[in-house]
1. State whether one or more residues within the stretch 111-123 are free of Cβ contacts under 8 Å to residues at least 12 places away in the same chain and either in a loop (DSSP other than H, G, I, E, B) or under 27 Å from residue 39 (Cβ atoms) (or both).
2. Which one is surrounded by the fewest Cβ atoms within 10 Å (Cβ to Cβ), of the residues in the stretch 97-142 that are within 18 Å of the chain's Cα centre (by Cα) and among the polar types (S, T, N, Q)?
3. Whether any residue in the stretch 124-137 is assigned to a helix (DSSP H, G or I), touching a residue at least 60 places away in the same chain (Cβ under 8 Å), more than 16 Å from residue 17 (Cα to Cα) and not hydroxyl-bearing (Ser, Thr, Tyr) is what I want to check.
4. Cβ-Cβ under 6 Å, sequence separation 6+ or interchain: first residue in the stretch 2-22 and within 22 Å of residue 55 (Cα to Cα) and near the ligand (Cβ under 7 Å from one of its atoms), partner modelled with pLDDT under 95 and assigned to a loop (DSSP other than H, G, I, E, B). Which pairs?
5. Would you pick out the residues in the stretch 156-190 that are assigned to a helix (DSSP H, G or I), over 24 Å from residue 104 (Cβ atoms) and modelled with pLDDT under 95?
6. Among (1) out of contact with any strand residue (DSSP E or B) (no Cβ under 6 Å at 6 or more places or on another chain); (2) within 22 Å of residue 180 (Cα to Cα); (3) charged (D, E, K, R); (4) within 11 Å of the ligand (Cβ to nearest atom), which single condition is residue 84 missing?
Amino acid sequence: MGLRVVVVGVPGVGKSTVVNGLVSEYHGSRLVNFGSVMFDQARARKWVKDRDDMRKMPVEKQKRLQRGAALEISRMKDKVVVVDTHLFIRTNEGFWPGLPFEVVRALKPTHLVLVEASPEEILRRRGSDKTRYRDKLTTKGMTEELELARSFLTVSSTLTGAPMLVVNNGDGKSDEVASALSNMLRSAGS
Ligand code: AP5
């Protein structure tokens, strides 16, 4: 069986930066952004114009997109698939799981990777990225989200039996983290 690596982390922690580095080092791997697959489906239905509006929709509608994205990704047959996604989404109805049972059952992850950084680093990165509309949080709120992420991660690991790895994407460390993950996959695939 191939490797299916699910990479998660709070918005702005640098997941996409890390996974882009990972797939450019680990040749032959396919990168898929779960949110982009959902967004393509949401746009086709004329539900939203901006990806940051998806989490404001009623959760029932988001669930339809989530199920559709999981199904589409589950059909990918590449030897190594890296999925960039979320453990939870801050919706108007509360925190909602990004990897509920039916989603992890479809994705069948072989590895779960949580990208972390300090609350201050994440808030600074969010603030300097003007291309996105991200929720405004205090350091305390961000600390709570980081704790929540670890709780959701242990549930996903328990449900799937996939090992979970926590990596620290501190300032200037994204290449180092990508290399470490690439080495881990090389040894897992051999
Ligand atoms: P998505 O597109 O994944 O949104 P996001 O979490 O905001 O992800 P980003 O890719 O924008 O942030 P990032 O953490 O990857 O940080 P980045 O690398 O850009 O998801 C969009 C939406 O899809 C979600 O809101 C949700 O609605 C939906 N969705 C997704 N998955 C779902 C699921 N499973 N179920 C339901 N809904 C789902 O980096 C940020 C900045 O930091 C950049 O400027 C970068 O240059 C900088 N940076 C990164 N690393 C470092 C470093 N080490 N040092 C210094 N700067 C750094």
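The values are calculated or read from the model by the stated rules, or taken from the named source; none is laboratory data. Computed from a predicted model, the values in this text were never measured in an experiment. In this analysis, Cβ positions are derived from the backbone assuming ideal geometry, glycine residues included, and neighbour counts consider all displayed protein chains.
1. no
2. Taking the candidates together, the pick is 118.
3. Within the stretch 124-137, not a single residue is assigned to a helix (DSSP H, G or I), touching a residue at least 60 places away in the same chain (Cβ under 8 Å), more than 16 Å from residue 17 (Cα to Cα) and not hydroxyl-bearing (Ser, Thr, Tyr).
4. Qualifying pairs under 6 Å: 11/134; 12/134.
5. Listed by number, the residues that qualify are 183, 186.
6. (1)
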